[in-house]
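> Below: one structure in structure tokens.
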Amino acid sequence: MPVADPVPGASRRLAERVRAGVADNLRVVLLAVVLLALVVISFGLGRYSLGPLTVLRVLGHELFGIGEPVSGQNRAVVMDIRMPRILAALLVGTALASSGAAYQTMFRNPLVSPEILGVAAGAGFGASVSILLHLDTTALQIISFGCGLLAAVLALTIARFVGRGSLIILVLGGIIIGAMFNALISSAQYFANPETTLPEITFWLFGSLGRASMHGLIVPVVIVGVCLIALTSVRWQLTVLATGDDEARSLGVNRTRIWALTIGASTLMTATAVSVAGIIGWVGLVVPHLARFFAGPSFNRLLPVSALIGASYLLAVDDVARTATSMDLPLGILTALIGAPFFVGLLAKAGRQWL
């Protein structure tokens, strides 16, 4: 005799949850496989091209001690020249896309980007001053990171003491601080040597991974890793907050604590990305929308998908930047050329909903 379902529809709902979980995991695995394939392809692209088998042989021996050592030239191209740049692309793409997804979920606004608190402009000013003073790459990253955090602190201070924590005042404060630091960047460019320092500042502000080095990526990797862990630890609370304050309050979610942690982690990742690669726009705006197409609006699923797509997206753009012409094209220009049409489509869709 069949056993009756104690709760009508419970078995069906459980089966649907299991299927949804399997589909989510499969989606993440497929994106990870695509990313790994793109990494191998990227190692082979450039003026000195390498086949996938050669790349795998070099990586297998250098990273895992598998197989015989490869010739010096092939090893130098893979490990010394392309490895830092590829790792930087993965790091920056992950940081910008993850912070963009967190900001958009927290503000409940799909048009929000990581630059909303003026972090990018602040970090850009720090880098401009470092170049103006002829400091080395390590000092540039430290000062750029510090100025990015300073910009966020100033925006948060305005929101706290002027708007009593209002999100609208926070956004307006970020716009004000961003405009102020952009003016300071222009001042640094005005006093720069037009033949040497000014072109270097301008090229850095356009965004590039040409400065990346293995030594310079150690601290940024740690910072981004810790921030991703922090966002992962509050992913369901942030999803609940996105549904409304009343629902979050009824479930015992501490709104202030979750918002503070989200803003802190996202700001740290944005400042880190800018300190490594310069100002690269649109990644934190475009990629979370692509991720929602695959994973839906829940931040629990959105975060890993955004991180994987962001890493793949920026790595692919950097491949185009360094192989399309004999010159190293600025990443900020390419991401804008790709992101602007996407943004127009987003506005068109939003406009139909508003009318």
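The values are calculated or read from the model by the stated rules, or taken from the named source; none is laboratory data. The structure displayed is predicted, hence computed values, not measured ones. Here Cβ is always computed from backbone atoms with ideal geometry, including for glycine, and neighbour counts include all displayed protein chains.
> Among the residues that make up region 69-79, is at least one of them touching a residue at least 24 places away in the same chain (Cβ under 8 Å) and of a type in the set (Lys, Arg)?
no
This table checks each residue for (1) surrounded by 13 or more Cβ atoms within 10 Å (Cβ to Cβ); (2) modelled with pLDDT under 90; (3) among the aliphatic types (A, V, I, L, M).
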{"site": "ILE175", "(1), (2), (3)": "yes, no, yes"}
{"site": "PHE181", "(1), (2), (3)": "yes, no, no"}
{"site": "SER186", "(1), (2), (3)": "no, no, no"}
{"site": "ILE218", "(1), (2), (3)": "no, no, yes"}
{"site": "LEU231", "(1), (2), (3)": "yes, no, yes"}
{"site": "ASP245", "(1), (2), (3)": "no, yes, no"}
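> β-branched (Val, Ile, Thr), touching a Lys or Arg at 6+ places or on another chain (Cβ under 7 Å), farther than 14 Å from SER312 by Cα and modelled with pLDDT under 85 - does that describe any residue in region 14-35? Walk me through it before giving the result.
So in region 14-35, the residues β-branched (Val, Ile, Thr) come out as 18, 22, 28-29, 33-34.
Subset that is touching a Lys or Arg at 6+ places or on another chain (Cβ under 7 Å): none.
Scanning region 14-35, I find no residue that is β-branched (Val, Ile, Thr), touching a Lys or Arg at 6+ places or on another chain (Cβ under 7 Å), farther than 14 Å from SER312 by Cα and modelled with pLDDT under 85, so the answer is no.
> Being of a type in the set (Asp, Glu) and assigned to a helix (DSSP H, G or I) is the filter here; which residues of region 129-165 pass it?
Within region 129-165, the first condition is being of a type in the set (Asp, Glu), and the residues that meet it are 136.
Answer for region 129-165, where residues must be of a type in the set (Asp, Glu) and assigned to a helix (DSSP H, G or I): there is none.
> Keeping to region 190-202, report how many residues are within 20 Å of GLY281 (Cα to Cα) and crowded, with 17+ Cβ neighbours inside 10 Å.
1
> Let me ask you something else. Could you please let me know if PHE145 is aromatic (Phe, Trp, Tyr), surrounded by 15 or more Cβ atoms within 10 Å (Cβ to Cβ) and either touching a Gly at 6+ places or on another chain (Cβ under 8 Å) or farther than 18 Å from ALA265 by Cβ (or both)?
Spelling it out, PHE145 is indeed aromatic (Phe, Trp, Tyr), surrounded by 15 or more Cβ atoms within 10 Å (Cβ to Cβ) and either touching a Gly at 6+ places or on another chain (Cβ under 8 Å) or farther than 18 Å from ALA265 by Cβ (or both).
> Now, a different point. So for region 285-308 (the condition being within 30 Å of GLY44 (Cβ to Cβ) and among the charged types (D, E, K, R)), does at least one residue qualify?
For region 285-308, residues within 30 Å of GLY44 (Cβ to Cβ) and among the charged types (D, E, K, R): absent.
> Can you name every residue in region 174-205 that is more than 19 Å from PHE145 (Cβ to Cβ) and hydrophobic (A, V, I, L, M, F, W, C)?
The answer is ILE175, ILE176, ALA179, ALA183, PHE191, ALA192, LEU198, PHE203.
> Taking region 158-172 only, how many residues are touching a Gly at 6+ places or on another chain (Cβ under 8 Å) and farther than 17 Å from LEU111 by Cα?
Residues that pass the stated criteria total 4.
> GLY210 fails exactly one of the following numbered conditions: (1) in contact with a Lys or Arg (Cβ under 8 Å, 6 or more places away or on another chain); (2) without any contact (Cβ under 8 Å) to a residue 60 or more places away in the chain; (3) not hydroxyl-bearing (Ser, Thr, Tyr). What is the number of that condition?
In the conditions (1) in contact with a Lys or Arg (Cβ under 8 Å, 6 or more places away or on another chain); (2) without any contact (Cβ under 8 Å) to a residue 60 or more places away in the chain; (3) not hydroxyl-bearing (Ser, Thr, Tyr), GLY210 misses (2) alone.
> Which residue, of VAL253, VAL283, is of a type in the set (A, V, I, L, M) and touching a residue at least 40 places away in the same chain (Cβ under 8 Å)? Working first, answer last.
Details: VAL253 fails: touching a residue at least 40 places away in the same chain (Cβ under 8 Å).
Result: VAL283 is the single residue among VAL253, VAL283 that is of a type in the set (A, V, I, L, M) and touching a residue at least 40 places away in the same chain (Cβ under 8 Å).
> Tell me the residue from ALA307, ALA336 that is modelled with pLDDT of 90 or more and assigned to a helix (DSSP H, G or I), please. Explain how you work it out, then say what you get.
Values: ALA336 fails: modelled with pLDDT of 90 or more.
Unique residue meeting the criteria: ALA307.
Each row is one residue, and each column tells you yes or no for (1) farther than 23 Å from THR105 by Cβ; (2) under 14 Å from the mean Cα position of the chain (by Cα).
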site: PHE203; (1), (2): yes, no
site: GLY207; (1), (2): yes, yes
site: ARG211; (1), (2): yes, no
site: ILE218; (1), (2): yes, no
site: ALA242; (1), (2): no, no
site: GLU247; (1), (2): no, no
site: SER266; (1), (2): no, yes
site: ALA273; (1), (2): no, yes
